[in-house]
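*Asks:* Mind having a look at this structure? Questions to follow.
Please treat every number below as a calculation from the coordinates, not as lab data. All values reported here derive from a predicted model rather than from experimental measurement. Neighbour counts run over all protein chains shown; Cβ positions are idealised from the backbone, glycine included.
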Amino acid sequence: MFDLVIRGDRVVTPQGVGAFDVAVEGEKIVAMAGAGTFGPETTQRLIDASGKIVMPGGIDPHTHCSWDLVYGDGTSVLTDPPLVVSRAALFGGTTTIIDFARWTHGNTIQGTLERRDQEWAGQCHCDYSYHVMLKGGGGLPPELFGQIAEAIRAGYPTIKIFTTDSRPGRRGHNMVNFGDIWEVFQVAAREDGLCVMHGEDNDIIMHMYEKLIREGRVGFENMAEVRNALSEDLSFRRVIRLAENVPGMALYFMHVSAATGVQAIREARARGTPVYGETLHQYLMFTAEDYKRPNGQIYHTYPSLKSKADQAALWTGMSDGVIQTVGTDEICCALAVKVQGKRIDDTTGGSAGVEPRLAVMYTEMVGRRGYSLQKFVELTSTNAAKIMGLYPRKGALASGSDADITVLDPSRKMTVRKEMLHETDYSPWEGQEVHAWPSMTILRGKVKVEDGRFLSDPKDGQYLYRKIPDEIRSRPLL
């Protein structure tokens, strides 16, 4: 007897959308059959999801939990922990998040991972993984490259690299020197890893900070002039050119924000270079004009919001396969923290957006732009699983996959209000009309959210060790 059968007339599978019974035993999907195949006598519970959308649980490849936010005066505060963010994720239909373990000088990567594990173990309601983040600071020590190789082999195959220090006064805070990037690329290529890039040109950014500060135009509403499209163009192309000179090197550009970035990825993929792109729902739904709204900082993340033309290019890039994933760059903090910075050089990045991501993107992709359900699921779940080494365990409704299942209810049309969310005391999505909302979220066979009731235990979240598939690394597969 099955533990659970979900019957739906719009079930999104790797083969297409149709009417299916999804049968679950323990943590796994054990059978997929035509709707009506399995009767009540075959299962402990039969869920009728007719009229709803049954899809694999969402995957957010870009979150920051328990993250150190530095104020303009040098003081800092931690963002909300995985306990809070993962709860919001499940309410929003996301069952897997990928966060970061940040290596800094004086530490080992193994020690960094162990400390991160202590913060997360038993404290995350959904499944999770980490990108290993490298912090610059005047050059990477030679012994680090061997540690990177060991981490990749141990199941931590994605390495995050910054090409900028991000803000004035933080020299050496983030940026990895280009020569060291070259060395990391060689290790990643040899060990079958994937480098996930924050691509902005440091010289252009720092020049523009100095220029606008000198001119007295320091308000955050000028952010798009500083973190501009030219910076993205120069950085992406330089990084791609370097990767193309390292045989076996694959790239994933995080938070693509500009038409120039989309074009750089498009051209590289046309040459056969395995390059993948992620954008954020902030960039797809807001532009630099939104900085002028009350508390306009709530719409900001790094890199900055750009123009409507850049936004249009992101949508085109998603339609034609240049952009594969939609993440959040989740930073969950109180409104008072988010709006404390008012200048171009002290505004808090990130956004509380993991919960409404699926509903907002379903509405905009399927409801307003005519994307297929299959395309929507690829952009919010399946492609991230494939690129990050989780597929087909995650990101698919298929026999043998984890029973991570989200049921979206198109009858639940509503206006997003911060009071209905489970992240913090504000939402940049306040007032957004959505055409569906998750009515049920299942993680590895356990119902975690059902009709607004939270049924989860934080000990249920598991760490996901990963390996990047050869086909992802050898060519632009998706």
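*Asks:* Could you work out how far helix 143-153 tilts from the main Cα principal axis of the chain, as a 0 to 90 degree angle to the nearest 10?
*Replies:* 10 degrees
*Asks:* Another question, if that's okay. Order by neighbour count: 233, 21, 203, fewest other Cβ atoms within 10 Å first, most last. List each step's numbers first, then the result.
*Replies:* Details: 233 19, 21 22, 203 11.
Neighbour counts put them in this order, fewest first: 203, 233, 21.
*Asks:* Using the structure shown, select from 338/459; 418/459; 308/459; 308/386; 135/375; 418/467 the pairs with a Cα to Cα distance greater than 32 angstrom. Numbers along the way, then the final one.
*Replies:* On the way: 338/459 30 Å; 418/459 27 Å; 308/459 43 Å; 308/386 30 Å; 135/375 35 Å; 418/467 37 Å.
With Cα atoms farther than 32 Å apart: 308/459; 135/375; 418/467.
*Asks:* Angle between the Cα long axis of helix 229-244 and the longest principal axis of the chain, 0 to 90 degrees, nearest 10?
*Replies:* The answer is roughly 80 degrees.
*Asks:* Given a cut-off of under 8 Å on Cα pairs at least six residues apart, what relative contact order in percent is computed for the chain? It would help to have the intermediate numbers written out before the result.
*Replies:* Details: 1159 pairs, mean separation 102.6, N = 478.
Relative contact order of the chain: 21 percent.
*Asks:* If you line up the long axis of helix 109-120 against the longest principal axis of the chain, both from Cα atoms, how many degrees apart are they, to the nearest 10?
*Replies:* It works out to around 50 degrees.
*Asks:* By counting other Cβ atoms within 10 Å of each Cβ, how are 198, 173, 207, 255 ranked from fewest to most?
*Replies:* Values: 198 21, 173 16, 207 13, 255 24.
Arranged by neighbour count, lowest to highest, 198, 173, 207, 255 become 207, 173, 198, 255.
*Asks:* Sticking with this structure for a sec: Could you rank the peptides 183-195, 373-385 by their average count of other C-beta atoms within 10 Å per residue, with the highest value first? Provide the component values of the computation, followed by the final result.
*Replies:* Details: 183-195: 20.8, 373-385: 24.2.
Ranking, from highest mean packing down: 373-385, 183-195.
*Asks:* Can you tell me the order of 216-229, 353-366, 315-328 when each peptide is scored by its average per-residue count of other Cβ atoms within 10 angstrom, highest first? Let's see the in-between values first.
*Replies:* Working: 216-229: 18.9, 353-366: 24.9, 315-328: 21.8.
Order by mean packing, descending: 353-366, 315-328, 216-229.
*Asks:* When N counts the residues of region 307-448, how does its alpha-carbon radius of gyration compare numerically with 2.2 N^0.38 Å, as a ratio? Please list the in-between numbers first.
*Replies:* Details: Rg = 16.5 Å, N = 142, 2.2 N^0.38 = 14.5 Å.
Relative to the rule-of-thumb radius for its length, region 307-448 sits at 1.14.
*Asks:* Which shape class, rounded, prolate or oblate, goes with the chain when its Cα gyration tensor gives a ≥ b ≥ c as root eigenvalues, a/c under 1.5 marks rounded, and past that a/b bigger than b/c marks prolate? Spell out each step's value before the answer.
*Replies:* Values: a/c = 1.66, a/b = 1.40, b/c = 1.18.
Here the chain falls in the prolate category.
*Asks:* So what are the radius of gyration and Dmax for the Cα set of region 63-178, in Å?
*Replies:* Radius of gyration, then largest Cα-Cα span, for region 63-178: 15.1, 44 Å.
*Asks:* In addition: Using helices alone, what [θ] at 222 nm do you get for the chain, with -39,500 (n - 2.57) per DSSP H run of 4 or more residues, divided over all residues and rounded to the nearest 500?
*Replies:* Working: 15 runs with 134 residues, N = 478.
Calculated from helices alone, the mean residue ellipticity at 222 nm is -8000 deg cm²/dmol.
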